[in-house]
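Data first, discussion second: the structure below is written as structure tokens.
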Amino acid sequence: MAACSLGAGMQIAVIGTGRIGGTLGEKWRRAGHGVRYGSRNPRGDGPGGEAVVAVGEAIEGADVVVFAIPAAAVEAVAAEHGAALTGKIVVDATNRIGASVLNNRAEIGAHAPDAKYVRAFNTLGWENFADPLPDADLFFAADPEARAAAETLIEAVGLRPQ
């Protein structure tokens, strides 16, 4: 994967079309990034009127892949598309409330060990992305390239990366 631009122009695959994925995707689109929505059920009436394509089609050509799906579905999606996630920044925006481990790092890493894992957009409701509170902070990224891209995406929503 070529290094992505940290300004406008990142290509983002949002896997999931609910309030989290739709709200984030629209914020990123307004900030100048390319956004494709992926789902197991492609259709023409996705967030913001955008078409929803198959997950694999959304991932193709993306710099960043955002998992905004139920946590229980992450492993199956990662297993099916692990090879396509290789080298990509993968943002885990899911919640595993009540589980002993709250993130999906192991599940994603098992199927895409060379993906650059980021945990962000997971503890705040979609309302906070639509209308962010001042000075709201929270994310994790171990990889420097993933961290820089995550910071750009967080800022585009109106939150402060810390």
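Can you tell me which residues in segment 98-121 are in a loop (DSSP other than H, G, I, E, B) and surrounded by 15 or more Cβ atoms within 10 Å (Cβ to Cβ)?
Scanning segment 98-121 gives 102, 103, 104, 112, 115, 121.
Residue by residue, here is whether (1) within 15 Å of residue 117 (Cα to Cα); (2) assigned to a strand (DSSP E or B); (3) in contact with a Lys or Arg (Cβ under 6 Å, 6 or more places away or on another chain); (4) of a type in the set (S, T, N, Q) holds:
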{"residue": "21", "(1), (2), (3), (4)": "no, no, no, no"}
{"residue": "36", "(1), (2), (3), (4)": "no, yes, no, no"}
{"residue": "41", "(1), (2), (3), (4)": "no, no, no, yes"}
{"residue": "45", "(1), (2), (3), (4)": "no, no, no, no"}
{"residue": "57", "(1), (2), (3), (4)": "no, no, no, no"}
{"residue": "65", "(1), (2), (3), (4)": "yes, yes, yes, no"}
{"residue": "74", "(1), (2), (3), (4)": "yes, no, no, no"}
{"residue": "82", "(1), (2), (3), (4)": "yes, no, no, no"}
{"residue": "96", "(1), (2), (3), (4)": "no, no, no, no"}
Looking only at segment 19-62, filter to residues that are acidic (Asp, Glu) and modelled with pLDDT of 95 or more; which one of those is farthest from residue 151 (Cα to Cα)? 57
From the list 98, 44, 49, 16, which one is of a type outside the set (D, E, K, R) and either within 16 Å of the chain's Cα centre (by Cα) or closer than 15 Å to residue 120 by Cα (or both)? 16
I need the full set of residues from segment 75-118 which are modelled with pLDDT under 95, over 21 Å from residue 57 (Cα atoms), in contact with a helix residue (DSSP H, G or I) (Cβ under 8 Å, 6 or more places away or on another chain) and of a type in the set (A, V, I, L, M, F, W, C), in order please. 99, 118
All but one of (1) part of a helix (DSSP H, G or I); (2) modelled with pLDDT under 90 hold for residue 3; which doesn't? (1)
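Residue-wise test of (1) free of Cβ contacts under 8 Å to residues at least 60 places away in the same chain; (2) at negative phi; (3) among the polar types (S, T, N, Q).
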{"position": "27", "(1), (2), (3)": "no, yes, no"}
{"position": "38", "(1), (2), (3)": "yes, yes, no"}
{"position": "49", "(1), (2), (3)": "yes, no, no"}
{"position": "52", "(1), (2), (3)": "yes, yes, no"}
{"position": "61", "(1), (2), (3)": "yes, no, no"}
{"position": "79", "(1), (2), (3)": "yes, yes, no"}
{"position": "85", "(1), (2), (3)": "yes, yes, no"}
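The values are calculated or read from the model by the stated rules, or taken from the named source; none is laboratory data. Keep in mind that this is a model prediction, so the values were computed, not measured. Backbone-built Cβ (ideal geometry, glycine too); neighbour counts: all protein chains shown.
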